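The values are calculated or read from the model by the stated rules, or taken from the named source; none is laboratory data. This structure is a prediction, so every number in the text was calculated from the model and none was measured. Positions of Cβ are generated from backbone atoms using ideal geometry, with glycine treated the same way; all protein chains shown enter the neighbour counts. Quick note on the areas: whole protein, heavy atoms, side chains included, nothing else; ligands and nucleic acids left out. Shrake-Rupley method; radii C 1.70, N 1.55, O 1.52, S 1.80 Å.
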Amino acid sequence: MRIPLQITFRNMPHSDAIEAKVTEKSTKLEKFYDRIMGCRVVVEETQRRHHQGNLYSVRIDITVPGKELAVNRQENEDAYVAVRDAFDTAARLLEEHGRQQRGVVKSHAEIPVGRIVRIFPESDFGFIKTPDDREIYFHRNSVLGDVDFKDLKFGTEVTFVEEQGNEGPQAARVALSRR
């Protein structure tokens, strides 16, 4: 970190133990993103409850090039748990920021497309032929959207999600293809 860590305690006395925990957790953040410029942490006792323990909240502001990331109000009755939860959230934010900076984007698997090759309306099931020439069973309860099972015909192009059923592969979700 280029700017030293700033730790503030509000509505509570300074605690060397909590400060040590915050310092330890903040140094670990650099494993997730190594260009952290500064980090400010506020540990606060937010409410004074008489029947239960006090509630602690932690706010973390992390400065990175071109952006400021904030973790707001991780609350818990245990100050150490609030610190842990806040830094876990900060680590996730930094990981995501690092992925965005590197241009790494989550990709989704391509949804398979097939054609209905056999359909049995009286028995509420049918079969979809996949691009690799397999037949996948589907039941009327698997049909999604505003499509009625009885409107499906031989040759209709559909998308589906394949899963393993008791008797082999089956389509979990079937919808009309939008191609």
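A few remarks follow.
- Flag for E75 being open to solvent by 50 Å² or more (accessible area, probe 1.4 Å), in contact (Cβ under 8 Å) with a residue 60 or more places away in the chain and under 23 Å from the mean Cα position of the chain (by Cα): no
- Top-ranked residue of segment 16-30 - restricted to ones that are of a type outside the set (A, V, I, L, M, F, W, C) and exposed (fewer than 15 other Cβ atoms within 10 Å of the Cβ), ranked as farthest from E96 (Cα to Cα): D16
- Scan of segment 83-95 for residues that are within 16 Å of the chain's Cα centre (by Cα) and open to solvent by 50 Å² or more (accessible area, probe 1.4 Å), ordered by number: D88, R92, L93, E95
- One residue from Y56, Y33, Y80 being more than 23 Å from Q100 (Cα to Cα), crowded, with 18+ Cβ neighbours inside 10 Å, touching a helix residue (DSSP H, G or I) at 6+ places or on another chain (Cβ under 8 Å) and among the hydroxyl-bearing types (S, T, Y): Y56
- Within segment 83-94, not a single residue is of a type in the set (D, E, K, R) and part of a loop (DSSP other than H, G, I, E, B).
- Selection over segment 1-47 of residues that are touching a Leu at 6+ places or on another chain (Cβ under 6 Å) and free of Cβ contacts under 8 Å to residues at least 40 places away in the same chain gives a count of 3.
- Scanning segment 96-118 for residues that are open to solvent by 40 Å² or more (accessible area, probe 1.4 Å) and either in contact with a Pro (Cβ under 8 Å, 6 or more places away or on another chain) or at pLDDT 90 or above (or both) yields P112, R115, R118.
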